[in-house]
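See below for the structure under consideration.
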Amino acid sequence: WTQPATWRRFGVASQADADTTQPMAFNQGFYNLFLAVGAVLGVVLVAFDQDDAGWALILFACGSMLAAAVVLLASGKKYTRAAFTQGFSPLLAVIFALLAM
């Protein structure tokens with residue numbers, strides 16, 4: 001997070017700002033990791049015939065990711081590409097999950 005190439009990619013203006021926001025970015029990274037773990041665990045549960053719990057986890061995790069992408073998009077047009085990048089895979093997962101159910 002504190003490497004210039006990284007913080008510039010996320011629109012952070014300076015090294016001082018990157019240093020200040022590092023704890024927030026660290027927390028956000030784990031939040032995203034836990035959502036991903038939930039989605040993967042859901043897939044594993046479905047694979048082992050635990051359909052109700054598996055689909056619930058998949059839809060909750062991917063729905064949360066998709067909702068976060070919508071919030072990002074609503075934050076401004078300059079975030080359109082990032083919102084698309086963040087939300088495309090969860091959108092596909094939700095669509096395919098609903099079709100599979």
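The values are calculated or read from the model by the stated rules, or taken from the named source; none is laboratory data. Predicted model only: the values in this text are computed from it and were never measured. Backbone-built Cβ (ideal geometry, glycine too); neighbour counts: all protein chains shown. When the accessible area is computed, the model is the full protein with side chains, heavy atoms only, and any ligands, DNA or RNA have been set aside. Shrake-Rupley method; radii C 1.70, N 1.55, O 1.52, S 1.80 Å.
Overview of results
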read-out	value
Test result for Ala39, within 17 Å of Phe96 (Cα to Cα), open to solvent by less than 40 Å² (accessible area, probe 1.4 Å) and in contact with a Leu (Cβ under 8 Å, 6 or more places away or on another chain)	yes
The listed residue being surrounded by 14 or more Cβ atoms within 10 Å (Cβ to Cβ) and either in contact with a strand residue (DSSP E or B) (Cβ under 9 Å, 6 or more places away or on another chain) or not charged (D, E, K, R) (or both), out of Ala13, Ala83	Ala83
Among residues of the stretch 20-44, those that are more than 15 Å from Leu66 (Cα to Cα) and touching a Ser or Thr at 6+ places or on another chain (Cβ under 8 Å), counted	1
Residues satisfying the stated conditions in the stretch 48-78, i.e. open to solvent by 80 Å² or more (accessible area, probe 1.4 Å) and either in a helix (DSSP H, G or I) or modelled with pLDDT under 95 (or both)	Asp52, Phe60, Val70, Val71, Leu73, Ala74, Lys77, Lys78
Flag for Gln28 being open to solvent by 60 Å² or more (accessible area, probe 1.4 Å), touching a residue at least 12 places away in the same chain (Cβ under 8 Å) and in a helix (DSSP H, G or I)	no
Pair list, Cβ < 6 Å and 6+ apart or interchain, from the stretch 72-101 residues that are of a type in the set (Ser, Thr, Tyr) to residues that are assigned to a helix (DSSP H, G or I) and surrounded by 11 or more Cβ atoms within 10 Å (Cβ to Cβ)	Tyr79/Leu72
